[in-house]
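What follows is a short report on a single structure.
The values are calculated or read from the model by the stated rules, or taken from the named source; none is laboratory data. Worth saying up front: this structure is predicted, and the values here are computed from it rather than measured. Quick reminder, even Gly has a Cβ in these numbers, built from the backbone with ideal geometry, and neighbours come from all protein chains shown. Heavy atoms of the whole protein, side chains included, go into the accessibility calculation; ligands, DNA and RNA do not. Shrake-Rupley method; radii C 1.70, N 1.55, O 1.52, S 1.80 Å.
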Amino acid sequence: MDLSPEMRIERKPKLSERVVLALRTQVLAGEIPVGHKLPTETQLTEAFGVSRTVIREAIATLAADGLVEPRQGAGVFVRERPAPSPGPFSLDIGNKISHALNVLEVRLGIEIESAALASIRRNNAQLAEIQEAFFEFDRLLELGEATGRTDFAFHRAIAAATNNPFYVDVLEALGTRAIPCDVSSPWGTDSTLTRDYQEGLQQEHLAILKAISDGDPDAARAAMRTHLSASQQRYRRRLHDQQADYGSGRTAP
(Lines give C-alpha, C1' and ligand atoms only; values in the text may rest on other atoms or scores of the structure.)
Protein backbone atom coordinates (compact mmCIF):
# COMPACT_ATOMS: atom_id res chain seq x y z
CA MET A 1 0.00 0.00 0.00
CA ASP A 2 1.65 3.22 -1.16
CA LEU A 3 1.45 6.53 0.69
CA SER A 4 0.87 9.74 -1.21
CA PRO A 5 3.98 11.95 -1.64
CA GLU A 6 2.75 14.52 0.86
CA MET A 7 2.60 11.84 3.56
CA ARG A 8 6.23 10.83 3.18
CA ILE A 9 8.84 12.25 5.52
CA GLU A 10 12.26 13.38 4.51
CA ARG A 11 14.19 12.00 7.45
CA LYS A 12 14.73 8.28 7.46
CA PRO A 13 14.87 6.58 10.85
CA LYS A 14 18.32 6.12 12.33
CA LEU A 15 19.74 2.64 12.02
CA SER A 16 19.62 2.22 15.78
CA GLU A 17 15.89 3.08 15.77
CA ARG A 18 15.23 0.25 13.31
CA VAL A 19 17.14 -2.15 15.54
CA VAL A 20 15.25 -0.93 18.62
CA LEU A 21 11.88 -1.43 16.90
CA ALA A 22 12.76 -4.96 15.79
CA LEU A 23 14.16 -6.06 19.16
CA ARG A 24 11.42 -4.37 21.17
CA THR A 25 8.76 -6.13 19.09
CA GLN A 26 10.45 -9.50 19.64
CA VAL A 27 10.80 -8.95 23.39
CA LEU A 28 7.24 -7.74 23.94
CA ALA A 29 5.88 -10.58 21.81
CA GLY A 30 7.81 -13.11 23.90
CA GLU A 31 9.96 -14.27 21.00
CA ILE A 32 12.93 -13.62 23.28
CA PRO A 33 11.58 -14.83 26.65
CA VAL A 34 12.15 -13.18 29.99
CA GLY A 35 15.51 -14.18 31.44
CA HIS A 36 16.94 -15.22 28.10
CA LYS A 37 20.03 -13.62 26.66
CA LEU A 38 19.91 -11.55 23.51
CA PRO A 39 22.16 -12.61 20.64
CA THR A 40 25.72 -11.40 21.06
CA GLU A 41 26.82 -8.02 19.79
CA THR A 42 28.60 -9.72 16.90
CA GLN A 43 25.51 -11.75 16.01
CA LEU A 44 23.29 -8.66 16.11
CA THR A 45 25.77 -6.74 14.01
CA GLU A 46 25.66 -9.45 11.36
CA ALA A 47 21.88 -9.94 11.57
CA PHE A 48 21.07 -6.26 11.09
CA GLY A 49 24.02 -5.38 8.88
CA VAL A 50 25.04 -2.44 11.07
CA SER A 51 28.04 -1.40 13.11
CA ARG A 52 28.75 -2.28 16.74
CA THR A 53 28.11 1.36 17.65
CA VAL A 54 24.57 1.12 16.26
CA ILE A 55 23.90 -2.07 18.23
CA ARG A 56 25.25 -0.52 21.42
CA GLU A 57 23.05 2.54 20.97
CA ALA A 58 19.99 0.32 20.42
CA ILE A 59 20.76 -1.79 23.51
CA ALA A 60 21.21 1.37 25.58
CA THR A 61 17.76 2.54 24.48
CA LEU A 62 16.14 -0.79 25.35
CA ALA A 63 17.92 -0.80 28.73
CA ALA A 64 16.67 2.73 29.43
CA ASP A 65 13.15 1.49 28.66
CA GLY A 66 13.61 -1.28 31.21
CA LEU A 67 13.24 -4.09 28.67
CA VAL A 68 16.75 -5.51 28.90
CA GLU A 69 19.58 -5.61 31.41
CA PRO A 70 23.25 -5.69 30.39
CA ARG A 71 25.31 -7.87 32.74
CA GLN A 72 29.02 -7.33 32.63
CA GLY A 73 30.83 -10.32 31.21
CA ALA A 74 27.59 -12.26 30.69
CA GLY A 75 25.64 -10.44 28.00
CA VAL A 76 22.31 -8.66 27.69
CA PHE A 77 19.24 -10.30 29.19
CA VAL A 78 15.50 -9.68 28.86
CA ARG A 79 14.22 -8.28 32.13
CA GLU A 80 11.18 -9.58 33.93
CA ARG A 81 8.47 -6.97 33.75
CA PRO A 82 6.80 -6.25 37.07
CA ALA A 83 3.30 -7.64 37.30
CA PRO A 84 0.60 -4.94 37.26
CA SER A 85 -1.21 -4.32 40.50
CA PRO A 86 -4.36 -6.41 41.02
CA GLY A 87 -7.18 -5.24 38.83
CA PRO A 88 -8.48 -5.65 35.28
CA PHE A 89 -4.99 -5.96 33.80
CA SER A 90 -4.13 -8.93 36.01
CA LEU A 91 -7.01 -11.06 34.77
CA ASP A 92 -6.22 -13.93 32.45
CA ILE A 93 -8.64 -13.04 29.69
CA GLY A 94 -6.97 -14.99 26.90
CA ASN A 95 -8.66 -14.56 23.56
CA LYS A 96 -12.26 -14.59 24.75
CA ILE A 97 -14.23 -12.26 22.54
CA SER A 98 -16.31 -10.79 25.33
CA HIS A 99 -13.15 -9.84 27.19
CA ALA A 100 -11.63 -8.45 24.01
CA LEU A 101 -14.58 -6.07 23.87
CA ASN A 102 -13.77 -4.93 27.40
CA VAL A 103 -10.18 -4.30 26.37
CA LEU A 104 -11.36 -2.24 23.41
CA GLU A 105 -13.40 -0.04 25.74
CA VAL A 106 -10.20 0.72 27.65
CA ARG A 107 -8.32 1.36 24.42
CA LEU A 108 -11.02 3.74 23.22
CA GLY A 109 -10.58 5.74 26.41
CA ILE A 110 -6.81 5.89 25.98
CA GLU A 111 -5.83 5.74 22.32
CA ILE A 112 -8.14 8.37 20.85
CA GLU A 113 -6.36 11.05 22.83
CA SER A 114 -2.95 9.43 22.38
CA ALA A 115 -3.38 9.72 18.59
CA ALA A 116 -4.23 13.41 18.94
CA LEU A 117 -1.24 14.06 21.20
CA ALA A 118 1.04 12.12 18.87
CA SER A 119 -0.02 14.32 15.96
CA ILE A 120 1.07 17.40 17.93
CA ARG A 121 4.11 16.17 19.81
CA ARG A 122 5.74 13.56 17.60
CA ASN A 123 9.18 14.20 16.20
CA ASN A 124 10.47 12.89 12.89
CA ALA A 125 12.04 9.83 14.47
CA GLN A 126 8.80 8.90 16.20
CA LEU A 127 6.81 9.43 13.01
CA ALA A 128 9.28 7.21 11.21
CA GLU A 129 8.76 4.46 13.79
CA ILE A 130 4.99 4.61 13.29
CA GLN A 131 5.49 4.48 9.53
CA GLU A 132 7.96 1.60 9.86
CA ALA A 133 5.38 -0.48 11.75
CA PHE A 134 2.75 0.40 9.13
CA PHE A 135 4.93 -0.84 6.27
CA GLU A 136 5.96 -3.94 8.23
CA PHE A 137 2.24 -4.80 8.52
CA ASP A 138 2.05 -4.53 4.72
CA ARG A 139 5.08 -6.76 4.29
CA LEU A 140 3.76 -9.48 6.58
CA LEU A 141 0.35 -9.31 4.96
CA GLU A 142 1.88 -9.90 1.53
CA LEU A 143 3.73 -12.92 2.93
CA GLY A 144 0.58 -14.28 4.57
CA GLU A 145 2.21 -14.12 7.99
CA ALA A 146 0.81 -13.03 11.34
CA THR A 147 0.37 -9.26 11.61
CA GLY A 148 -0.81 -8.99 15.21
CA ARG A 149 2.59 -8.19 16.69
CA THR A 150 3.20 -5.45 14.17
CA ASP A 151 -0.33 -4.16 14.73
CA PHE A 152 0.62 -3.80 18.39
CA ALA A 153 3.92 -2.15 17.43
CA PHE A 154 1.99 0.42 15.35
CA HIS A 155 -0.23 1.38 18.28
CA ARG A 156 2.68 1.35 20.71
CA ALA A 157 4.68 3.67 18.46
CA ILE A 158 1.76 6.11 18.50
CA ALA A 159 1.63 5.92 22.29
CA ALA A 160 5.37 6.58 22.46
CA ALA A 161 4.96 9.61 20.19
CA THR A 162 2.80 11.30 22.83
CA ASN A 163 6.02 11.68 24.84
CA ASN A 164 3.99 10.67 27.87
CA PRO A 165 5.31 7.30 29.10
CA PHE A 166 2.05 6.39 30.83
CA TYR A 167 0.32 5.87 27.48
CA VAL A 168 2.98 3.28 26.67
CA ASP A 169 2.64 1.72 30.12
CA VAL A 170 -1.09 1.15 29.62
CA LEU A 171 -0.64 -0.56 26.27
CA GLU A 172 2.21 -2.71 27.56
CA ALA A 173 0.13 -3.69 30.59
CA LEU A 174 -2.52 -4.94 28.18
CA GLY A 175 0.17 -6.66 26.13
CA THR A 176 -1.09 -9.32 23.73
CA ARG A 177 -4.62 -8.73 24.97
CA ALA A 178 -4.62 -5.43 23.08
CA ILE A 179 -4.54 -7.30 19.74
CA PRO A 180 -5.97 -10.70 20.71
CA CYS A 181 -7.15 -12.14 17.40
CA ASP A 182 -3.88 -12.43 15.48
CA VAL A 183 -0.93 -12.47 17.82
CA SER A 184 0.33 -16.00 17.29
CA SER A 185 -1.30 -17.22 14.09
CA PRO A 186 -1.26 -16.15 10.45
CA TRP A 187 -4.51 -14.67 9.22
CA GLY A 188 -5.11 -17.73 7.06
CA THR A 189 -5.60 -20.02 10.09
CA ASP A 190 -8.85 -18.30 11.11
CA SER A 191 -11.67 -18.10 8.61
CA THR A 192 -12.62 -14.65 9.89
CA LEU A 193 -9.08 -13.28 9.54
CA THR A 194 -9.15 -13.05 5.77
CA ARG A 195 -6.90 -10.90 3.69
CA ASP A 196 -9.81 -8.52 3.11
CA TYR A 197 -10.24 -8.25 6.87
CA GLN A 198 -6.57 -7.40 7.34
CA GLU A 199 -6.55 -4.94 4.46
CA GLY A 200 -9.52 -3.20 6.07
CA LEU A 201 -7.48 -2.81 9.26
CA GLN A 202 -4.61 -1.39 7.25
CA GLN A 203 -6.87 1.17 5.56
CA GLU A 204 -7.89 2.35 9.02
CA HIS A 205 -4.22 2.45 10.06
CA LEU A 206 -3.49 4.55 6.98
CA ALA A 207 -6.05 7.18 8.00
CA ILE A 208 -4.48 7.34 11.48
CA LEU A 209 -0.98 7.61 10.05
CA LYS A 210 -1.99 10.35 7.63
CA ALA A 211 -3.61 12.43 10.37
CA ILE A 212 -0.56 12.11 12.62
CA SER A 213 1.75 12.88 9.70
CA ASP A 214 -0.34 15.96 8.88
CA GLY A 215 -0.21 17.15 12.50
CA ASP A 216 -4.03 17.22 12.65
CA PRO A 217 -5.21 16.24 16.17
CA ASP A 218 -8.93 16.35 15.32
CA ALA A 219 -8.44 14.06 12.33
CA ALA A 220 -6.21 11.79 14.42
CA ARG A 221 -8.88 11.47 17.11
CA ALA A 222 -11.54 10.75 14.49
CA ALA A 223 -9.41 8.18 12.67
CA MET A 224 -8.49 6.31 15.86
CA ARG A 225 -12.11 6.40 17.05
CA THR A 226 -13.25 4.99 13.71
CA HIS A 227 -10.62 2.25 13.84
CA LEU A 228 -11.32 1.09 17.39
CA SER A 229 -15.10 1.43 17.01
CA ALA A 230 -14.94 -0.66 13.85
CA SER A 231 -12.95 -3.25 15.79
CA GLN A 232 -15.68 -3.30 18.42
CA GLN A 233 -18.25 -3.98 15.73
CA ARG A 234 -16.14 -6.75 14.26
CA TYR A 235 -15.81 -8.45 17.65
CA ARG A 236 -19.51 -8.05 18.37
CA ARG A 237 -20.30 -9.78 15.09
CA ARG A 238 -17.86 -12.58 16.00
CA LEU A 239 -19.48 -12.92 19.44
CA HIS A 240 -22.96 -12.99 17.90
CA ASP A 241 -21.89 -15.65 15.38
CA GLN A 242 -20.22 -17.68 18.11
CA GLN A 243 -23.35 -17.56 20.28
CA ALA A 244 -25.52 -18.47 17.31
CA ASP A 245 -23.30 -21.46 16.51
CA TYR A 246 -23.37 -22.61 20.12
CA GLY A 247 -27.14 -22.22 20.28
CA SER A 248 -27.52 -24.41 17.20
CA GLY A 249 -25.18 -27.04 18.64
CA ARG A 250 -22.45 -26.52 16.02
CA THR A 251 -19.75 -25.62 18.54
CA ALA A 252 -18.64 -26.87 21.89
CA PRO A 253 -19.13 -24.70 25.00
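Points worth noting:
- Distance between the modelled labels on ALA60 and THR42, one decimal in nanometres: 2.4 nm (7 Å Cα→Cβ projection).
- Separation of the GLU69 and ASN102 label points, Cα + 7 Å toward Cβ, nm: 3.1
- From phi via Karplus (6.51, -1.76, 1.60), per-residue ³J(HN,Hα) for the range 213-224 in Hz, x at Gly/Pro: 4, 6, x, 10, x, 5, 5, 5, 4, 4, 5, 5
- FRET efficiency for TYR197 and ASP169, using Cβ-Cβ distance with R0 set to 30 Å, rounded to 0.05: 0.50
- Solvent-accessible surface of the range 104-172, averaged per residue with a 1.4 angstrom probe and all protein chains in place: 37 square angstrom.
- Per-residue SASA entry for VAL50, accessible area with 1.4 Å probe, Å² rounded to 10: 20
- Summarising the amide proton neighbourhood of VAL68: residues at separation of 5 or more, or on other chains, whose placed amide H is nearer than 5 Å comprise ALA63, ARG79.
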